[in-house]
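Okay, so here's the structure we're looking at.
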Amino acid sequence: MSEIWNVAQEGPAVAAAVVVQLACFAGFGFLLARQDIATHRLPNRLIAYWLAASTVVIVLLGILRSDAHGVLMGLLGLLLLGGGYLLITLISAGAMGMGDVKLAGVLGLNLGYYSVPGLFFATVLTFVLATGWVIGGMAVRKLSLKSAVPFGPFMLVGALAVLLMAR
């Protein structure tokens with residue numbers, strides 16, 4: 001069983017906080033993915049709202065579980081994933097946008113609370129999914145190597161899969 005499900009079994013208040021966290025992930029994730037697919041933009045306002053909600057939930061989980069270490073690991077996740085994507089964005093000369101960097105920070109906060117190594121697996125899964133999408137699109141001649149592909153949806157799917165399965 002994954003870590004998030006183990007945490008959810010610690011009592012009704014903790015379970016409610018996990019449900020809120022997953023509801024935020026689903027709601028904000030859907031809105032951000034839809035926007036990124038339509039416009040290739042991840043709105044700062046939505047990311048900021050999700051960051052605020054995630055911070056409240058992570059701190060609440062830390063208080064309910066007497067788990068300051070988990071809160072610190074969530075903050076470390078925010079810094080590691082956000083910083084890693086910032087580095088990729090700076091190196092890639094515009095291939096990835098700052099919205100992806102900000103989204104990575106929020107995803108890092110949510111994943112890091114449960115599993116810092118999960119950050120690596122989420123990143124690998126994200127790039128594997130995006131690469132598969134581009135290769136598939138090129139195979140059917142809908143995409144080229146220069147096509148703009150919204151990266152946010154792949155980040156969200158990769159992070160959610162790891163969040164639900166990470167130990």
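The values are calculated or read from the model by the stated rules, or taken from the named source; none is laboratory data. For clarity, every value in this text was computed on a predicted model and none was experimentally measured. Every residue, glycine as well, gets a Cβ built from its backbone with ideal geometry; the counts of neighbours run over all protein chains shown.
Name the single residue, out of those in the range 132-167 being assigned to a helix (DSSP H, G or I) and small (G, A, S), that is surrounded by the fewest Cβ atoms within 10 Å (Cβ to Cβ). Before you say what the answer is, go through the steps one by one.
Here is the first cut: in the range 132-167, the residues assigned to a helix (DSSP H, G or I) are 132-139, 152-165.
Then drop every residue that is not small (G, A, S), which leaves 132, 136-137, 139, 152, 158-159, 161.
Values: G132: 11, G136: 11, G137: 14, A139: 9, G152: 25, G158: 22, A159: 28, A161: 16.
Going through the qualifying residues, I end up with A139.
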Exercise for the section: Write out, first by first residue and then by second, each pair whose Cβ atoms fall under 6 Å of each other, whose residues are 6+ apart or on separate chains, and whose first residue, in the range 11-39, is under 18 Å from G62 (Cβ atoms) and aliphatic (A, V, I, L, M) while the second is assigned to a helix (DSSP H, G or I) and at pLDDT 95 or above. Expected result: A13/L64; V14/L64; A17/V57; A17/L60; A17/L61; V20/V57
Practice task
Give the residue that is farthest from A33 (Cα to Cα), with candidates limited to residues of the range 51-110 that are free of Cβ contacts under 8 Å to residues at least 12 places away in the same chain and among the hydroxyl-bearing types (S, T, Y).
Solution key: S66
Fill in the blank from the handout: Screening G112, G118, G152 for residues that are more than 18 Å from I47 (Cα to Cα), of a type outside the set (A, V, I, L, M, F, W, C) and touching a helix residue (DSSP H, G or I) at 6+ places or on another chain (Cβ under 6 Å) leaves only G118
